[in-house]
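**Q** If you scroll down you'll find the structure; I have some questions about it.
The values are calculated or read from the model by the stated rules, or taken from the named source; none is laboratory data. In this text the structure is predicted, and so the values were computed from the model without any measurement. Ideal geometry is used to build each Cβ from the backbone, glycine not excepted, and the neighbour counts take in all protein chains shown.
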Amino acid sequence: MASVPSCASGGWICRIECRAGDAASCLGLAYSADTNPESKQDAPALYRSACLLGAANACTNYAASIWAAGASGGELACVRRTFEKACAVEEPFACGMVGRVMLESTTPPAYTEGRRYLEKACDRIGGFSCRVLAKHLKSGNLGSYPPELIDTLLGRACDGGDPNACGEHATASETFE
């Protein structure tokens with residue numbers, strides 16, 4: 001996909017390009033809307049448009065907006081499938097979100113499946129899935145692990161493009177606050 005344009009100042013060119021089917025322009029509009037309290041409610045629809053036009057990161061953000069709004073039942077299954085499809089094309093945040101859904105939104109939590117998924121995603125792609133794995137390992141719900149693994153995972157997350165994992169943190173959970 002082409003680079004994402006900044007659509008913050010007016011965005012009329014982005015709107016025209018988005019309506020003409022340019023995924024990057026739709027994603028730029030979505031990013032702009034997401035950071036503006038006056039237009040934040042428009043972001044999910046713009047993410048959806050960019051997703052349908054092929055922007056994997058937009059699919060991740062669209063599914064995350066549904067999940068954050070309290071998805072349940074069929075919506076949650078759709079959210080997970082969307083994250084899985086975006087992860088399949090190596091969108092790193094999507095891979096971590098699959099693990100989060102498994103571990104934070106299923107009853108009972110899918111600890112074994114979630115750990116395996118996150119370990120594979122962390123090994124294959126790195127980034128956010130490594131940070132999610134570190135957080136959930138540290139919680140004690142995923143079984144034993146060598147103590148130095150948490151710092152290693154946070155380092156891999158940072159090196160893989162997850163800025164929230166970078167720097168010194170007292171705990172892996174702190175990187176989510």
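**Q** Working carefully through the options Thr106, Thr152, find the one that is part of a loop (DSSP other than H, G, I, E, B), surrounded by fewer than 17 Cβ atoms within 10 Å (Cβ to Cβ) and of a type in the set (S, T, N, Q).
**A** That would be Thr106, the only listed residue that is part of a loop (DSSP other than H, G, I, E, B), surrounded by fewer than 17 Cβ atoms within 10 Å (Cβ to Cβ) and of a type in the set (S, T, N, Q).
**Q** I've got another one for you. Without any contact (Cβ under 8 Å) to a residue 12 or more places away in the chain, under 22 Å from Pro108 (Cα atoms) and either loosely packed, with under 15 Cβ neighbours inside 10 Å or not small (Gly, Ala, Ser) (or both): does that describe Ser144?
**A** Yes: the conditions hold for Ser144.
**Q** Report whether or not Val132 is closer than 21 Å to Gly70 by Cα, of a type outside the set (S, T, N, Q) and in contact with a helix residue (DSSP H, G or I) (Cβ under 9 Å, 6 or more places away or on another chain).
**A** In short, yes.
**Q** In the list Leu76, Leu29, Leu52, Leu46, which residue meets the criterion of being surrounded by 14 or more Cβ atoms within 10 Å (Cβ to Cβ) and closer than 17 Å to Thr106 by Cβ?
**A** On inspection, the qualifying residue turns out to be Leu76.
**Q** Cβ contacts < 8 Å: first residue farther than 17 Å from Tyr117 by Cα, restricted to region 62-83; second residue in a loop (DSSP other than H, G, I, E, B) and hydrophobic (A, V, I, L, M, F, W, C), any location; separation 6+ or different chain. Result?
**A** Cys78/Ala71
**Q** Can you go through Ala58, Ala110, Ala165, Ala68 and tell me which one is in contact with a helix residue (DSSP H, G or I) (Cβ under 6 Å, 6 or more places away or on another chain), under 25 Å from Ala24 (Cα atoms) and at pLDDT 90 or above?
**A** Residue meeting the stated conditions: Ala58.
**Q** Moving on. Go through the residues of region 121-130 one by one and say whether even a single one is outside the structural domain of Arg15 (by TED's automatic domain parsing), surrounded by fewer than 22 Cβ atoms within 10 Å (Cβ to Cβ), out of contact with any Asp or Glu (no Cβ under 7 Å at 6 or more places or on another chain) and not in a helix (DSSP H, G or I).
**A** Taking every residue of region 121-130 in turn, none turns out to be outside the structural domain of Arg15 (by TED's automatic domain parsing), surrounded by fewer than 22 Cβ atoms within 10 Å (Cβ to Cβ), out of contact with any Asp or Glu (no Cβ under 7 Å at 6 or more places or on another chain) and not in a helix (DSSP H, G or I).
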